[in-house]
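Colleague: Let me begin by handing over the structure; questions about it come next.
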């Protein structure tokens, strides 16, 4: 079965996470993605492992073709423009102004290809006081306020996952798909823009709305208290979580599971307001109970009473979970030169046009000859470009 974006051509001039992740989401849906990389080194993530083929790179670049191209050279610029002229979508994540200096910005591409959808991703946006500052994931998390909801500012810690980078890639893909639908209706192309700061701030709109309403600056613990979110460890130190949310039945089920039905009439806990105000006390009382048993048994009892709960899995545990295996994860793919690898698949399923992994992540420049040949370059011409260091 073909993917939903079969026949859509994407030109990716991007590295690290934001642009490559946006292009990966399109590629999983069937788009034909050509990734432009610097000759000799490629995407910096390639160097995070051996043979310019790190696991980090592979996680973001399946289903793509790799073309090495030095866009700083006139010959490289000309090849890029030829590729862009035949592309539906162009994605770049350089600092604002960089591609324009090379003559590869939106206006230049749009003049060649009026229907092009050109997506620019940056740290802070194409204009504004922070336009020219370097932007990386943790900067986006911190400046947007997201990090203040994930850690305690008095004892700050960075996160073990690139939230802002991946969120920005998702928002970029969202904008591109919206522009693609608009083009299908009107025939008009357009520019799509997003940034680490903008995308991450948009993502925390729930917390922002609550701040606008109350004037109270939310902290990490605020949501845990108001949403009935708890984390415990069992007698062996194994962690698990409970999320009671709003329905009263979950609170009642918890009391049944831990043998404390009398707490339903306790003035401190009998309503949601009381449980919020006495959250720390309730947490301590529950932890003393859970410390007397094993996680597996507690989860079984909680689930028997329909209480939302789960083990706090490490990645060493999650892929043994039967529900995760139901998704077919992890997916094993094999590159003819680099061998087998395991990857996590798409986060969505489409009944008629399912996403999938049709190509393993490419080696550096693996498809340069193929793509340039399709543009009309002879083998002798490609060899000459290689000798010059253009490709």
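Colleague: Any chance you could count how many residues in region 206-256 are assigned to a helix (DSSP H, G or I), over 23 Å from residue 154 (Cβ atoms) and under 26 Å from the mean Cα position of the chain (by Cα)?
Modeller: Applying the first criterion (assigned to a helix (DSSP H, G or I)) to region 206-256 yields 206-214, 220-226, 248-256.
Then keep just the ones that are over 23 Å from residue 154 (Cβ atoms); that gives 206, 209, 212-213, 248-256.
When the remaining residues are screened for being under 26 Å from the mean Cα position of the chain (by Cα), the result is 206, 209.
Qualifying residue count, region 206-256: 2.
Colleague: What's the number of the only condition in (1) surrounded by 15 or more Cβ atoms within 10 Å (Cβ to Cβ); (2) touching a strand residue (DSSP E or B) at 6+ places or on another chain (Cβ under 8 Å); (3) part of a helix (DSSP H, G or I) that residue 164 fails to meet?
Modeller: All conditions are met except number (2).
Here's the yes/no breakdown for (1) surrounded by fewer than 12 Cβ atoms within 10 Å (Cβ to Cβ); (2) at pLDDT below 95; (3) more than 30 Å from residue 222 (Cβ to Cβ):
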| position | (1), (2), (3) |
| --- | --- |
| 105 | no, no, yes |
| 110 | no, no, yes |
| 118 | no, no, yes |
| 127 | yes, no, yes |
| 131 | no, no, yes |
| 137 | no, no, no |
| 140 | no, no, no |
| 147 | no, no, no |
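Colleague: Considering only region 210-220, state which residues are free of Cβ contacts under 8 Å to residues at least 24 places away in the same chain and closer than 28 Å to residue 307 by Cβ.
Modeller: 210
Colleague: Can you confirm whether region 263-275 contains a residue that is buried (at least 17 other Cβ atoms within 10 Å of the Cβ), touching a helix residue (DSSP H, G or I) at 6+ places or on another chain (Cβ under 9 Å) and closer than 30 Å to residue 136 by Cβ?
Modeller: no
Colleague: If I go through region 204-225 residue by residue, how many of them are in contact with a helix residue (DSSP H, G or I) (Cβ under 7 Å, 6 or more places away or on another chain) and closer than 27 Å to residue 293 by Cα?
Modeller: The number of residues fulfilling the criteria is 1.
Colleague: If I filter region 318-333 for residues that are crowded, with 16+ Cβ neighbours inside 10 Å and either over 30 Å from residue 238 (Cβ atoms) or more than 24 Å from the chain's Cα centre (by Cα) (or both), do I get at least one hit?
Modeller: Yes, region 318-333 contains a residue that is crowded, with 16+ Cβ neighbours inside 10 Å and either over 30 Å from residue 238 (Cβ atoms) or more than 24 Å from the chain's Cα centre (by Cα) (or both).
Colleague: Let me ask something else about it. Being assigned to a helix (DSSP H, G or I), in contact (Cβ under 8 Å) with a residue 60 or more places away in the chain and touching a strand residue (DSSP E or B) at 6+ places or on another chain (Cβ under 6 Å), is that true of even one residue in region 2-19?
Modeller: Looking for residues that are assigned to a helix (DSSP H, G or I), in contact (Cβ under 8 Å) with a residue 60 or more places away in the chain and touching a strand residue (DSSP E or B) at 6+ places or on another chain (Cβ under 6 Å), one finds at least one in region 2-19, hence yes.
Colleague: Hey, another quick one. State yes or no: is residue 174 in contact with a strand residue (DSSP E or B) (Cβ under 9 Å, 6 or more places away or on another chain) and at pLDDT 95 or above?
Modeller: Against the criterion (in contact with a strand residue (DSSP E or B) (Cβ under 9 Å, 6 or more places away or on another chain) and at pLDDT 95 or above), residue 174 qualifies.
The values are calculated or read from the model by the stated rules, or taken from the named source; none is laboratory data. Worth saying up front: this structure is predicted, and the values here are computed from it rather than measured. FYI the Cβ positions are ideal-geometry reconstructions off the backbone, even for glycines, and counts take in every protein chain you see.
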